[in-house]
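FYI, it's all coordinate maths here, none of it is from the lab. All of these numbers come straight from a predicted model, not from anything done at the bench. Glycine gets a Cβ as well: all are built from the backbone with ideal geometry, and neighbour counts include every protein chain shown.
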Amino acid sequence: MSEKIKHGPFWTAFFAIVSLAWIFPLALVLINSFKKKIYISTDTFSLPTGKEFAGLFNYTDGIEKTDFIQSFGWSLLITIGAVLVILLCTSMCAWWIVRVNNWVAKTIYLLFLLNMIVPFQMVMFPLSKMADMLSLNTPWGLCLVYLGFGAGLPVFIFTGVIKSIPQEIEEAAMIDGASTMRTYFTIVVPMMRSSIISVAILQTMWIWNDYLLPYLTLDMQRFKTIPIAIQYLRGGYGSVDMGALMACLVLAIIPIVIFFAFCQKYIIQGITAGAVKG
Amino acid sequence: MRNKNWMLKAVSVISVAALSLTALSACGSGGNAESENGRVYYLNKKAEEQESWVKLGEAFEKETGIPVEIQVGGNDYDATLRSELAKSSAPTLFQADGPSFMSSYMKYAKDLSDSDIYGQLTDNYKDRALTNDEGKPVAIPYATESYGIIYNKALLQEYFDASWSTVKSIEEINNFDTLKTVADEIQNHKDDIGGGVKGAFSSAGLDSTSAFRYNFHLPSVPLYYEYVDDDVDMNKVPSSVKGTYVEQMKNIFDLYITDATVEPSALSGKTMDDSIAEFATGQAVFFQDGVWVYNQIKDQEVADEDLGVLPIYIGVDGEENQGLNQVISNYWCVNSQVSEKDQEATEQFLNWLVTSDTAREVISQDMGLVAPFKGFDEEQYQVDNPLVNANREYQEAGKTDVVSVPTVSHQWEQDLGSAELNYAQGTGSWDDVIKVFTDNWASEYALAYGE
Amino acid sequence: MITMTGRVIKRWWPMFALPTCFAFVLGFVVPLVMGIYLSFTEFTTITDSEWVGLKNYRRALQDPDFLHALLFTVAFTIVTTILINVAAFFVAYMFTKAMRGAKLFRSVFFMPNLIGGIVLGYIWQLLLNGVLAHWDISLTYHAKYGFVGMVIMVCWQQIGYMMVIYIAGLQNVPGDVMEAAAVDGATPRQVLFRITIPLMMPSITVCSFLTVTNGFKLFDQNLALTNGAPSDTSEMLALNIYRTFYGRAGFEGVGQAKAVMFFVLVALIAVIQNKITTSKEVQA
């Protein structure tokens, strides 16, 4: 697009102000995380000075109350595990569907399309029951559940890409004596690189933040993810520990900011690619 | 290019490893801690007691080797229990809070008539256990609690001593009208008391997590008087109520929301925590709550000797003789659907809770629960806190206990709380409250017990 | 029709297709079929179901809270779809032109997307309750505050996401078409409405679809921000279904029936969106 039309300093100033407003909610949580809990809801907008200052107490308290470190570990494990499994399995499946392309493959493909439009509430009860009966109530089992329930979109994106890959290249490789696996990993996968990143980003964002599926499926006694741990702070009988809550919110946001800082380029690419195809 | 290949290989190796792990876990089912001695999993309802239960669980585990897991039920105990019971490692021990709650979990509740824990109940509480259709005990009451209007003696003394006060001693406050005079005057002179309080009553928080003080504790007063009038069995849930004294309930409720630390419009977002904080830091003189709240008040700004409790007066004839409300809303149930071993282990745990020295000490002294078991009759296991003592004094003075009768369902309580909130905010009328009180009782009865 | 690669890898199905399909059957196909079946039964676990016909659907439709949640959700979806898309398009439009700091602003706008619904809900609960405290009320005073609160929160979250998609779309609009128009004497406004927006239709459809579905499926944010208070009046469909299921014994079947209706609704929207997209493509 032509660069002739330029915006003046007015718009820079305008967006600078809007951006500050955009960050404000996060800053507010950070500020309040250093306040004693009884002042958080009464003096939300004041700085934590004097008798309101709680130091790092909210953090130590929150980490202890929620087992935050453990939850963080489980969240990380589940996200990485599930995303890797999804990437590998669905991309292979997509290749099979496109290249085989008989009625079986077509039916399977249609089912995957259906999967994209089914809201989780539709299957939540039978799914969580089955997951429990089959002892999939562990982080590893959850990876399998995610592969099953979350397969639609990745398969859809991957089939779209594979359809655009000319078959001749694969055939040439096979004629040269490359095995099927070798052809797949050395020829097909590199050509899907950008869509793999795209799917990885989309699935990571979903799984890392997902609340209901792990809440209903996981064995709560042993495994809690970060969203579950945070929701648990709002306990029964009117006890909402605002101090610990604020600290945990900050702790939950920090890894996201780091992730974003390092992978911004890929995230934006991923979303664009995912959206244009979706 | 070489580099990339290497990376791809690494990724695929990791993925295959991850996949096989999932596959393994899918096959190798039963990874649960299925110990030889069974297991105990207690889904606890009260967040404020969680620490103590965990401590007891660890002590029991150390003594017997039976693994004990204590989880707190979170925001919505009913929902958590329902989803947890559906899992294979279901709670072996759960809590009920009354007959209506019990009725929806009846098939999970083990008949405890031959159990040690039932035998340990003191005789006058044996018939307070909740029963199933055959009349067998399935839920054991483990704590009797009293509640009323907790007040700050030091602040109230300042009021009595003030030149402008009409009421001059605590003995005079034995009916609603006097209480109203006191509260109104304190509210009007709030800057003159304790260097400035924010209101006579702490905020009547009606956030959904906290509304139980007004949708369960408060309505039990009018219900009690109605049951007395009509000779209704207080252990059962009648199919309908008349709401004879709901109009009187409005008296006290109006007082709670007008002579208060906050505007009525703010109540929807206020929690019991806010309310406790206000009372414990001396910003309010009165506070409707019960013995369980002592642990959260102590060691703050209100000294133990300054804690007193008044009955909840609503303006009924003869209320001069009224004592505090007595509520049993904590029962233990053993899950009948878990393995025999787990049930045995759980019963053993329960018995240990009411007989061992460690547990009796923690339950009576740390948690401050008045437990209706034989083992707690000994002097050193009597609960000693100012709120429990206040109740004992009322009983010794011959005042009549107000029995907090069970309500028809939690839905009824929630609906009542909503109606009260709307009334407080000015978005609804008291007529709506009356309507919920009586009409919804009947419809909820039909839903819960009908058919 | 089948190609050489196809013939070769067809035999490899246990390696390529089976893992995904196995998980898919387990995690989706069976639960879906079972879910539809269960909606016609009364059950407390999946093994004790008892056929009751359409009773659950009747009860679901008689539930005033469900209908309220439906209206609430529809209103919410319409408002957020319009606000988010207009704002995101505007921001994207501004950012594709040269501007000092555009890159930084873009990152700032995008960031909230990575934060999960539960965390978001509590962040905004703090902020909005803090603001409302000036008038001595809180978010749960009336459903309209919950509504506005959720609209603000969701806009804050999703404007950045849609912005990214719009920016990509704008960058694909060929510059020479616009230049030609400008040379022909078209005003910037005419260029925007006559050329840019029509050319942007694919992106606009995608973004509207995403915002509509997100609006309908909203759950975490609703749970954390208001949890339906006061009196379930700020409850949206997904939360209503969840609470019907787990809130009360004896209502599991009703919850499942509601879920089926919810599914049909969401599927309908998807089909409509698909129709619009394909018809647009034919025109282009």
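List of remarks:
- What the Cα atoms of the range B:76-125 give is an Rg and a Dmax of 12.8, 37 Å.
- Here the calculated FRET efficiency for B:Gln337 and C:Val177, from their Cβ-Cβ distance with R0 = 60 Å, stands at 0.30, rounded to the nearest 0.05.
- 13 Å reach of a label modelled at C:Thr277, 7 Å along Cα-to-Cβ, counting backbone N of the range A:140-154: A:153-154
- Taking the fewest neighbouring Cβ atoms within 10 Å as the starting point, the ordered list for C:Ile269, C:Ile9, B:Ile328 is C:Ile269, B:Ile328, C:Ile9.
- Options A:Ala105, B:Gln95, A:Ile226, ranked by Cα towards positive dipole end of the protein assembly as shown, top entry (Cβ charges): A:Ala105
- For B:Leu310, distant residues with modelled amide H under 5 Å away: B:Ile149, B:Ile150, B:Tyr151
- Percent of alpha-carbon pairs separated by more than 19 Å within the range C:4-56: 51 percent
- Cα-derived Rg to Rh of chain B, Kirkwood definition: 1.05
- Projected label points at B:Lys298 and A:Met191, each 7 Å from Cα along the beta carbon direction, are separated by 7.5 nanometres.
- Estimated from helices alone, the mean residue ellipticity of the protein assembly as shown at 222 nm is -18000 deg cm²/dmol (sum of -39500 (n - 2.57) over DSSP H runs with n ≥ 4, per residue).
- Look at where the Cα atoms of the range C:210-270 and of the range C:69-119 average out, and the two centres are 23 Å apart.
- Long-range HN-HN contacts of A:Val240 with modeled amide H, under 5 Å: B:Asp273
- Computed lengthening from B:Gln380 to B:Glu134, 0.36 nm per intervening residue step minus Cα-Cα distance: 84.8 nm
- Where labels lie 7 Å past Cα in the beta-carbon direction, separation of C:Val131 and A:Ile165 in nm: 4.9 nm
- Alpha-carbon gyration tensor eigenvalues x 5, square-rooted, for the range C:64-283, Å: 37, 23, 13
- Degrees separating the helix B:176-188 axis from the principal Cα axis of chain B, which is the longest one: 90 degrees
- For chain A, the calculated P(r), taken from all Cα-Cα distances in 5 Å bins from zero up to the bin holding the longest distance, is 1, 5, 10, 12, 13, 13, 12, 10, 9, 7, 5, 3, 1, 1, 0, 0 percent.
- Degrees between helix B:410-425 axis and first principal axis of chain B (Cα, 0 to 90, nearest 10): 50 degrees
- For the range B:312-451, the Kirkwood estimate of hydrodynamic radius, built from reciprocal distances between every pair of different alpha carbons, is 19.1 Å.
- P(r) weight above 15 Å for the range C:216-284, C-alpha pairs, percent: 62 percent
- For the range B:125-225, alpha-carbon Rg and Dmax in angstrom: 19.2, 63
- For C:Val52, residues with placed amide H under 5 Å, excluding near neighbours: C:Thr41, C:Glu42
- The string of couplings for the range A:63-77 from the Karplus curve (6.51, -1.76, 1.60, θ = phi - 60°) is 5, 6, 5, 9, 6, 4, 4, 5, 4, 4, x, 5, 4, 5, 4 Hz, one whole number per residue in order, with x for Gly and Pro.
- Kyte-Doolittle at least 0.0, axis length at least 18 Å by Cα - qualifying DSSP helices, chain C: C:64-95, C:117-132, C:143-172, C:201-217, C:252-283
- Here the simple spin-label model places points 7 Å from the Cα toward Cβ, and for B:Lys435 and B:Glu393 these points are separated by 4.4 nm.
- Qualifying lysines (Cα of each under 20 Å from Cα of B:Lys341; at least 8 residues distant if same chain): B:Lys62, B:Lys87, B:Lys107, B:Lys110
- The length gained by stretching the chain between C:Leu54 and C:Ala249 to full extension, at 0.36 nm per residue less their Cα-Cα distance, is 68.3 nm.
- Under 26 Å from the Cα of A:Lys106 - lysines, other chains or at least 8 residues apart: A:Lys163, A:Lys277, C:Lys10, C:Lys275, C:Lys280
- Among the listed pairs A:Lys65/B:Lys198; B:Lys46/B:Lys136; B:Lys45/B:Lys298; B:Lys45/B:Lys236; C:Lys144/C:Lys258; A:Lys37/B:Lys270, those with a Cα-Cα distance over 20 Å are A:Lys65/B:Lys198; B:Lys46/B:Lys136; B:Lys45/B:Lys298; B:Lys45/B:Lys236; C:Lys144/C:Lys258.
- At q = 0.06, 0.08, 0.09 Å⁻¹, base-10 log of I(q)/I(0) for the protein assembly as shown (Debye sum, equal scatterers on each alpha carbon): -0.50, -0.86, -1.06
- For the range B:175-198, the residues whose backbone nitrogen is under 16 Å from a point 7 Å from the Cα of B:Trp164, taken along Cα to Cβ, are B:181-198.
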